[in-house]
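To start, the structure itself, in structure tokens.
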Amino acid sequence: MLKNTLTIILFFALTTLFAQEAVIIPRFLYNPMDSISKQNFNQSLESFFSEITKGKINKSLLTPKRAELTQSQLQELISYETKKDSTTSKLQDKRLINLYPISNNDYFISISYTHQKPKSNPTLLYIFNLIATKEGNKFTFSVPIDYLTRYWKTQVIGNITYHFRDNLNIERAKLFNKKNSEIAMKLGLKPEKLDFYMTDNFQEISKLLSFGYSLFSNGKYRDGYGVDCKTIFAVMNNEDFSHDIFHYYSGKINKRENRNWITEEGIAYAWGNAYYTDKKGEMITNKRLITKLKDYLIKNPNANLFEIFSKNKKIFNDIAPEISVRSTMSGIIALEIEAKKGKEGITKLINAGRKNRLESYLKTTDELIGINNKNFNVKMKELINKYQKALYIK
């Protein structure tokens, strides 16, 4: 009887231990490490993902060089974990699926995340890649960016260190360095030194930042990424990231709950660019968009600009499908407010409010330069003509 009782206790103890494993490490998975290193690796990996499962990050297990960037990328996994319900939180959904050495102390590892619904096939959510580095009797973990770009070249242009494979468009790089300084100084900030990786598309960016696959961004390719931990990843291999540089510096002095995103996007267009590239891989300038809008009005003299603005209609699909006419017009309004009210006016417009953003935006433009929903069409046409001429005189 005692023997049977001990057997049952042991069985449940082992079952509980297995159920609490944060990441499954299959016995059949090849691991070339010696037995002690293998044990240290297994313990470190388990501790690392156990903390993530709880919504935390064990900073002592982050490789120092890339600790901040790694921590930033882990937030998506933490967000996934914290959204689980009581049932899915008990399932073992993480599995080590690959491991191989890339140096004496470094290993490239891959972990899969799957989701299993009752009576259905499992769905692959993520393949998350890390560099595991042996540090004494433990392993630390990092995003694989340095390993994956180890053969890339670097070139410093002002405050920007570019990382690229073959060639760098120096004129574009100089333009971005100039805009980085101008935008920072317009907001009363000191321009920062930044690392800029010349990436072909968003999928390449994801791989550099650990996401070998993500169900939630599969097929996404036209975006860039950053500024994250003073690091930028190019939009479709273009050296100019000035659109999001404005958002980056604005975020340093303006509270998120106050920032009006009609304003933010407009200023990002006006001071930077439209973020997305055209069919030739060129950034779309504010000058080009204002000219395009003027041409549109010539062809469509009865167009209701307030309707286009309020509903954020797309009319520039021939340039790029993502282009916002609302942001083009908001950018023109921002230029007028900057000219008449200076930095104080721009700051007030940015902080018009996040909630009810269209109403909050128009209330502020009315206070600053007298533009509201009733006179929007007339005033907007005047400003389009004014700034289209001014941009060409420059």
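The values are calculated or read from the model by the stated rules, or taken from the named source; none is laboratory data. Since the model is a prediction, treat every value here as computed from it, not as a measurement. Here the Cβ is made from the backbone with ideal geometry for all residues, glycine too, and neighbour counts use every protein chain on show. When the accessible area is computed, the model is the full protein with side chains, heavy atoms only, and any ligands, DNA or RNA have been set aside. Shrake-Rupley method; radii C 1.70, N 1.55, O 1.52, S 1.80 Å.
Summarising the overall dimensions of the range 319-394 from its C-alpha atoms, the Rg and Dmax are 12.8, 38 angstrom.
Just add up the charged neighbours of residue 209: K/R +1, D/E -1, any other residue whose Cβ is under 14 Å from the Cβ of residue 209.
So the environment of residue 209 carries a net charge of -4.
For residue 105 and residue 38, compute 0.36 nm times the residue count separating them, minus their Cα-Cα distance, and round to one decimal in nm. Don't jump to the answer; show the numbers that get you there.
On the way: separation 67, 0.36 × 67 = 24.12 nm, distance 1.21 nm.
Between residue 105 and residue 38, full extension yields an extra 22.9 nm.
Backbone phi angles across the range 260-271, fed through the Karplus curve with coefficients 6.51, -1.76 and 1.60 (θ = phi - 60°), yield HN-Hα couplings of 9, 7, 5, 5, 4, 5, x, 5, 4, 5, 6, 8 Hz in residue order; Gly and Pro are listed as x. Over every Cα atom in the chain, the radius of gyration and the widest Cα-Cα span, Dmax, amount to 26.1, 97 Å.
With each label modelled as a point 7 angstrom along the Cα→C-beta vector, the residue 75-residue 366 pair spans 3.6 nm. Electrostatic tally near residue 220: other residues with Cβ closer than 14 Å to its Cβ, Lys and Arg +1, Asp and Glu -1, net -3. A crude spin-label estimate for the pair residue 138 and residue 298, with each label 7 Å from Cα along the Cβ direction, gives 6.7 nm.
Would you mind getting me the FRET efficiency between residue 91 and residue 152? Use the beta-carbon distance for r and R0 = 45 Å, nearest 0.05. Spell out each step's value before the answer.
On the way: r = 39 Å, r/R0 = 0.88.
With a Förster radius of 45 Å, E is 0.70.
Which helices, taking whole DSSP H runs in the chain, have alpha carbons extending 18 angstrom or more along the helix axis plus mean Kyte-Doolittle at least 1.0?
On the way: long enough: 2-19 (26 Å, 1.66); 35-53 (27 Å, -0.44); 67-82 (21 Å, -0.48); 170-186 (24 Å, -0.81); 286-299 (20 Å, -0.62); 325-350 (25 Å, 0.19); 376-393 (25 Å, -0.27).
Helices meeting the criterion: 2-19.
In a GNM of the chain with a 10 Å cut-off on Cα contacts, which of 275, 249, 151 has the highest mean-square fluctuation? Top of the fluctuation ranking is 151.
Which FRET efficiency value, to the nearest 0.05, do you get for residue 50 and residue 312 by plugging their Cβ-Cβ distance into 1/(1 + (r/R0)^6) with R0 = 51 Å? Write down the numbers at each step before the final one.
Numbers: r = 44 Å, r/R0 = 0.87.
Once the sixth-power term is evaluated, E becomes 0.70.
Paramagnetic label reach from residue 29 (point 7 Å along Cα→Cβ; backbone nitrogen cut-off under 17 Å): within the range 130-162, residues 130-134, 139-144.
A crude spin-label estimate for the pair residue 374 and residue 215, with each label 7 Å from Cα along the Cβ direction, gives 5.3 nm. Counting charges near residue 25 (Lys, Arg +1; Asp, Glu -1) among other residues having Cβ under 12 Å from its Cβ returns a value of +2. In a simple Cβ point-charge model (Lys, Arg +1; Asp, Glu -1; nothing else charged), the chain has a dipole of about 820 debye relative to its Cα centre. Set against the 2.2 N^0.38 Å expectation for a compact globular protein, the range 152-253 has a Cα radius of gyration ratio of 1.07. Expressed as a whole percent, the accessible surface of the range 266-394 that belongs to carbon and sulfur atoms is 49, based on a 1.4 Å probe. For residue 65 and residue 279, the FRET efficiency from 1/(1 + (r/R0)^6), where r spans their Cβ atoms and R0 equals 35 Å, is about 0.35.
For the range 254-393, dividing the convex hull volume of the Cα atoms by the residue count gives 108 Å³ per residue.
With a 1.4 Å probe and all protein chains left in place, how much accessible area per residue does the chain have, in Å²? Working shown, then result.
Working: 20410 Å² over 394 residues.
Here the per-residue accessible area is 52 Å².
Protection proxy ranking, highest mean first, for peptides 100-110, 189-199: 189-199, 100-110, where packing is the per-residue count of other beta-carbon atoms within 10 Å, averaged.
Could you work out the relative contact order of the chain? I mean the mean sequence separation of Cα pairs under 8 Å and 6+ apart, divided by the number of residues, in percent. Don't jump to the answer; show the numbers that get you there.
Numbers: 617 pairs, mean separation 41.1, N = 394.
It comes to 10 percent, rounded to a whole number.
A helix-only calculation puts the chain at -14500 deg cm²/dmol for mean residue ellipticity at 222 nm, using -39500 (n - 2.57) for each DSSP H run of at least four residues, averaged over all residues.
Carbon and sulfur: what percent of the range 35-146's accessible surface (1.4 Å probe)?
On the way: 2700 of 5640 Å².
Carbon with sulfur: 48 percent of the solvent-accessible area.
Look at the dipole of the range 152-253 built from charges on Cβ: of 158, 237, 217, the Cα furthest out on the positive end belongs to 158.
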